[in-house]
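Quick note: the coordinates plus some simple rules give every number you see, no bench work behind them. All figures in this text were calculated on a predicted structure; none of them were measured in a lab. Here the Cβ is made from the backbone with ideal geometry for all residues, glycine too, and neighbour counts use every protein chain on show.
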Amino acid sequence: MPRSRNVFRPPAFLPALALLAGAGRACAGIEGPVLPGWLRPSGAPAWFDIGEVVLVILVLAAIAGAIRYRSRLRPLRTAGETRYLKLVQSAPFGVVVHRGGRVLFVNEHGRLLFGLEAGAPTQGLPLDQLAPSADAAAPEHPFNVVTTSTAGMMPIVRIRRADGTLLEAQTLTITNDFSGANARLTFIRDMTIELAAQRELHENRERLAVALDAARDGIWDLDLATGRVEGTAAFGEIIAPGAATPVDVATWRGLIHRADRDRLEAAIADHEQDLTSSYECELRVRRADGSSAWVLEHGRVARRSAGGAPLRLVGTVRDVTLRKRAERRLDMRSRLTATVVATRDAELRDALGSLLREELEAPYSCVGILDRGGRLRLTCSRHDVPGMTPGHRLLSPEAVPAGLQRVLAAATPLILVETGNEPDAPAAPLLGVRLASDDRVLGLVCVAGREEGFLREDADMLATIAEDLAPLILARLETEAIDAQLAQSQKTEALGVLAGGIAHDFNNILQAIMGFSSLARQDAADPARLTTDLDRVQKATVRGQDLVQRILQFSRSEGPDTESLDPAPLVQEAARELAATVPADITIDCRVAPDCGRVRVGAQPLRQILRNLTQNARQAMETGGGRLTIIARPLTVEPDDGRFPVEWTGRDLLELAVADTGAGIPEAHRARLFDPFFTTREVGQGSGLGLSVVHGLVTAVGGRVFFETPAAGGTVASVFLPRTPVIGRPAESDSPPLPATAGAGKRVLFVDDEEEIRELAVVLLGRAGFQVETAADGFAAGERILAGPGDFDVVVTDQYMPGLTGRELAVRVAAARPGLPVVLVTGMNETPDGQEGDLALFREVVIKPFSGPSLVMAVCRAAGVVH
Amino acid sequence: MPRILVIEDDDEVRELLESLLTREGHVVATAANGKQGVAAFLAEPFDLVITDIIMPEKDGIEAIMDLRRGRPDLKLIAISGGGRAEPENYLHSAQLLGANRTLRKPFSNEAIVAAVRDLLA
């Protein structure tokens, strides 16, 4: 404070005087120093130099002016200046009074701002020195620029302090009278900290914006009173891409999926009642293009009324579609895997269909898997699927509806809008995609019937499902192929075992034939012994025939003689036989349904089946007795019956079940149940083939055998035989004795490609009195008949021969000579190569290998010589 | 007169051997499996046994082992038509266990007659 009183001391005069004197001398053109001249000793003539005079006048005038100036200041200083200066001095902002670029006064706060040392003089200091501008480019010191308006933001001035630090300040410069003369007053407010904070805030905001932008979050602000929404650009892009960003809450919420909207409202309500600190909801949003996206909405109440009612909600939205899709895909993948692992065949297709309907929100589905033969195993959920019938079907490639064929052919999902082939099928859109692994097409999956149709995103989803499903289906198909191979190799092994048994039996047969025929040669002279030897030989050949029969029965491809019969009497007969022979502690219960129909199996094989099954059941109860139940009843295969292949659905079967209350089948034995010679010790006993015979007989006629060991104990053997009736063949009766001249006068053409058979026929038929001519193939026979249509009374032909078959020959015979009887000789289970009606071509059928009498009898009947 | 036991489960082959060897002047007894055969052998002595290999109850291999145990000097002929394996496999085992001769079915009458004659000479 003491310094303040000295501020306006006379030193201001001296320079002014010097200046004025200098100016006067300059104007007068005077050389040399003024004052020294003026102070020179009296008497010097230069004293009255005109310049000096002017100078003195000027000096005096200046002095007078100064005195006047001082006298004008004085009242200020005395009246309020001290207080005024005190006020300025202690102002909480910097004040610099300056004139002409030089400092007149700096207040205390200003000194601090400029970093001046205590007591450092400031008066007369150039502004550039007091407060050097950091903005070098500025043409004038900023303090010199008088503020013209205070309406706007006051300019920010940047000053580099002596210590190098930066002062950022808001300044206001005005012109004002100061100690009686105009001066400029610059008020300075330090903004350094505030600006730094502002800058930091700004940077933070920018950083946040960048972060939000990176996270693709949209920010929204909802005024609950007006329903007005303000959102960032990202908000608009997320909830309404390609469309106008909603500005009111109703439009916004209208974009949200109906089901999700309720969920959202509940979450917001909970939050508004302060039950949660914020709410978060994953929502499906319908977009302008019809596609839907998943949006994660997060929000909280930003302002409440005094009464606690929410006024404003703020929050974010984030597009989580990709994550949701990935999650759904993962979820779907695990469900698909579980389904493929846990189910198979029709059940698998059903389960997949249900998954598809759920996932794609479609009312109908169809799932098809191609089998090895290129047939499509198809399961449709409803009739309304275009071109489909409901349920499970097996379709040959050409029977696959056109729409599905297109799906199978296309590498990408197809959306079909046209109806199917059926006229009553509604125009339901169908979305389908094929299942393919690499280039192999495995099947297809389709959904259909969704009212609003299918979109690109549905197609994408189905494609994703198909992509995940295909490898699973492929693995399943490969597993099944391996299973089939395994089953085949087991079959091969069983056949090997069978072959071993056959070799054993066959060598014994050969042994007998060889040995007894050798003895016969020795016994040629002894008719009694010879007959015995030959009887043995014949017996051995019959055994050989039986053996071949057994082999054929085992094999699937060659079956026993198939004829249709009523099974009921045979079942009852078996039960009666059994009842007569079982011990008293075994009771027999036979239940035969009245409507068993007919089964396509021979009487002998059926007896054999019953005998083997009842034998096993009986043996199971050898100790302790029990109940043996025989059931015969019709059955129609249901679509979901897992015991049968799906294509058996609707097939009529006869179930023959033999149940016992015995010990059941040990687990270890189950796999080998059907092995021929499972008990090798019984080889040669004739019963060694056991259940393998049952299996062979049943499968030969297209049936199935199952063994079950129910929890209640015992074993149930179930045989299922097809009930499809087939044309019956005349049963061969035991041959009655034939008159040696039965065929006398009748002419027979015998056609067979095997010479031995032809020779045999000539002998057999010749002995019966027939006149026999032979031909080695169908062509030769046909030509022979054309050459002389009236030459024969009967034609006997083999079925399978090189060139013409027996049937083809019969057709030619019928053309050449209508009414000429034809007798067909055919192997077991070989049917004439045509339909049932073709049997009309043949008067008689003789099954190979035939006995002499059966051939002769057939020819006699055909020739009309016996009836 | 040499006594021969034929152990064979196949009726025809058993009857053939019985008939053939009886004509050759041997005393022939028969059995339908190894168990019966060993029992018959223990009941009365035989000079030679002809046995099949694969039979129910007790097979030829077991029978040979039983028979050989009591009578090291017994003459044994094993015959087989095979089964799960080739006849040679069974016959080789029989030979290792002490069969003097082995014949693979079907064999000729002369072959078996010659074998019997050789062994009983």
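Quick notes on this one:
- Stretching residue A:756 away from residue A:538 to a fully extended chain increases their span by 76.7 nm, per 0.36 nm per residue minus the current alpha-carbon distance.
- Neighbour-count ranking [beta-carbon atoms within 10 angstrom, fewest first] of A:252, A:648: A:648, A:252
- Note that region A:325-483 shows a convex hull volume over its alpha carbon atoms of 99 Å³ per residue.
- Among residues other than residue A:302 with Cβ under 13 Å from its Cβ, the summed charge is 0 (Lys and Arg +1, Asp and Glu -1).
- Taking all Cα pairs closer than 8 Å and separated by 6 or more residues, the relative contact order of chain B comes to 22 percent.
- Extension gain, residue A:323 back to residue A:372 (0.36 nm per residue minus Cα-Cα distance, nm): 13.8 nm
- Where a label projected 7 Å from the Cα of residue A:140 along Cα→Cβ would reach, residues of region A:91-133 with amide N under 15 Å: A:98-102, A:127-128
- Approximate spin-label separation residue A:663-residue A:595, in nm, with each point projected 7 Å along Cα-to-Cβ: 4.2
- Estimated from the Cβ-Cβ distance and a Förster radius of 35 angstrom, the FRET efficiency linking residue A:337 and residue A:706 is about 0.70.
- Length added when fully stretched, residue A:566-residue A:250, from 0.36 nm per residue minus Cα-Cα: 106.0 nm
- Mean separation of Cα pairs under 8 Å and 6 or more residues apart, divided by the residue count, gives region A:325-483 a relative contact order of 21 percent.
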